[in-house]
Amino acid sequence: MTVMARPDPEVKDALLTHLRRHHPALCRHWFDDIEPLDVSGGTLQLLVRETVQLKYLRRCCLDQFTEAAQAVTGRLLAVRFVGEGEFSEETATPGAPTSGLAPSQIELAGLDEDMLLSPDYSFENFVMGPGNRLAHAAAIAVARKPGKAYNPFFIHASVGLGKTHLLQAICQTAMRDNPRLTLYYTSCEGFMTQFMEAVRAGKMSSFRHRFRNVDMLVIDDIHDLSKRDRTQDEFFHTFNSLYQASRQIVLSSDAPPNEIPDLEERLTSRFNCGLVAHIDKPCYETRVEIVKSKAALRSLRLPEDVASYVASRIDTNIRELEGAINKLQNHAMVGQEPLDLKLAQKVIGEQSAPTRSQHPTIQQIIDAIIQYYDVKLTDLLSKRRHKSIALPRQVGMWLARKHTRYSLEEIGGYFGGRDHTTVMHAIKAVNTKRQGDAALDHDVSRLEQQITAGHATPGVASGN
Ligand code: ADP
Ligand code: MG
């Protein structure tokens, strides 16, 4: 016989307060909708009605909630997130087998276990601006009318500009509008890994069943197909099979179809036969709106002038804007300081890339390298050491050192998580090679001109 007890209504408030204090970046405004059900057998059950939120909490927030539950009750409680219909006295016993599939599990059955949807990445949370208007409008059309509006739908943009966000928003809206829709969402890596695994285990028919019998297939970062001959071939057949059956295909990439290196022509032409939409960097006004929206998601009160300040200081990509908000939130929390312009200037002013008028940003340097050498971002940041990629990477680090104020460690971080000795070595290598290699010397000078064009003062040269 399990002892059941309704938790004190104050438990929830205390729980959320604890989480906000100790894990500010984790908290979202919709945590308010979580409903404590009961405490039984040492487990606090929390009801979460939205499927995407439920799955997200289970995968990403369990430890923090458990810690908070223990801290506020002073008991060694476990935490369990349950969906509607899943809750029963029977399942309240920890370890008891759940009988049958709950509705939320059925809905989720079509989703790749490894690819989690983030509740943050919805259309409601996507700020529209001139740079993403077409991609956004088309994404909504695709979500509402899978297989009918644009097929395939192909989004391309450089890193951190919202590709994954839009893809996940399509998935969430399509699933919500039509719970019967079967949908498979994964990254190109995920597709490749599963393909290799199926080949190895001799399970191609179940692999094909998984990918070819869905109403909507959504694959993120499809540019990773580059150079993968066998996977390209398999993907080609997957694509055809879905396309012929008018099933929706949604793809994202860091480059337009024609510019994905080493992609078979037959794939390029298929990617081009629906709608290809580009996302451009957000303008200042859009960045301000994004900062506000990210703050609102975290229930963070950000004064107008702080939002404008952050948006004016960071113009590279949106992931960095988010990073800045996190940093601000943490500083305010730790130092118990008001989150105002003064704090923002202190926190962001010190650490962010200097403004556009003085220096290029690392993102601009990376973009310039990618274009100039015609290499892929993923390769540039990868561990690959082949000369064709190692040299562009070294030049990138050299430019970053000379034209930004980032430290060696920080530059290493931007270039695929390398340590400061690697960056130092790269700088020395470029300095030495330039002396005996006129072509390299020319390349470096051209790149320097490119990245400093439009910047009032080229950065203060600082070899070290
Ligand atoms: P990508 O997949 O293109 O590298 P992401 O989709 O991961 O980029 O976006 C990076 C971050 O920026 C995410 O937190 C995402 O929510 C946010 N973001 C991008 N575009 C927008 C937008 N228009 N409105 C709100 N947030 C955005
Ligand atoms: Mg992405």
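Whole-Hz ³J(HN,Hα) for each residue in the range 293-300, computed from phi via Karplus 6.51 cos²θ - 1.76 cosθ + 1.60 with θ = phi - 60°, x for glycine and proline: what do you get?
Taking θ as phi minus 60°, the curve returns 5, 5, 5, 4, 4, 8, 6, 9 Hz for the range 293-300.
Please tell me the relative contact order of the chain in percent, rounded to the nearest whole number, where contacts are Cα pairs under 8 Å and at least six residues apart.
After rounding, I find 12 percent.
Would you work out if the range 256-365 is rounded, prolate or oblate? Take a ≥ b ≥ c from the square roots of the eigenvalues of the alpha-carbon gyration tensor; rounded if a/c is under 1.5, else prolate when a/b is larger than b/c, oblate otherwise.
Since a/c reaches 1.5 and a/b is larger than b/c, the shape of the range 256-365 is classed as prolate.
Using modelled backbone amide H atoms (1.01 Å from N, in-plane), which distant-in-sequence or interchain residues come within less than 5 Å of ALA277's amide H?
Long-range HN contacts for ALA277: PHE154, ILE155, HIS156.
Let me check against my output: what whole-number percent is the relative contact order of the range 215-301, with C-alpha pairs under 8 Å and at least 6 apart?
31 percent
Assign one of three labels to the chain, namely rounded, prolate or oblate, based on the Cα gyration tensor with a ≥ b ≥ c the square roots of its eigenvalues; rounded applies when a/c is under 1.5, prolate when it is not and a/b is larger than b/c, and oblate otherwise.
Since a/c reaches 1.5 but b/c is at least a/b, the shape of the chain is classed as oblate.
Which residues does a label at SER382 reach in the range 206-250, if reach means a backbone N under 12 Å from a point 7 Å past the Cα toward the Cβ?
Within reach of a label on SER382, which here means backbone N under 12 Å from a point 7 Å along Cα→Cβ, the range 206-250 contributes 223-229.
Taking square-rooted eigenvalues a ≥ b ≥ c of the alpha carbon gyration tensor, is the range 362-452 rounded, prolate or oblate, where a/c under 1.5 means rounded and, failing that, a/b exceeding b/c means prolate?
It comes out rounded by the Cα gyration axes.
Per DSSP H run of n ≥ 4, the term is -39500 (n - 2.57); total these for the chain, divide by its residue number, and report the mean residue ellipticity at 222 nm rounded to 500 deg cm²/dmol.
-16000 deg cm²/dmol
Picking from LEU267, VAL395, THR238, whose Cα lies most toward the positive end of the charge dipole for the chain (charges on Cβ: Lys, Arg +1; Asp, Glu -1)?
Of LEU267, VAL395, THR238, it is VAL395.
From the phi of every residue in the range 31-36, what ³J(HN,Hα) in whole Hz does the Karplus formula 6.51 cos²θ - 1.76 cosθ + 1.60 yield, where θ is phi - 60° and glycine or proline is x?
With the stated coefficients, the range 31-36 comes to 4, 4, 7, 5, 10, x Hz.
Laboratory data are not the source of any read-out in this text; all were calculated from the coordinates shown. Note that the coordinates shown come from a computational prediction; the quantities given were computed from them, not determined experimentally. As a convention, Cβ positions derive from the backbone with ideal geometry for all residues, glycine included, and neighbour counts pool all protein chains shown.
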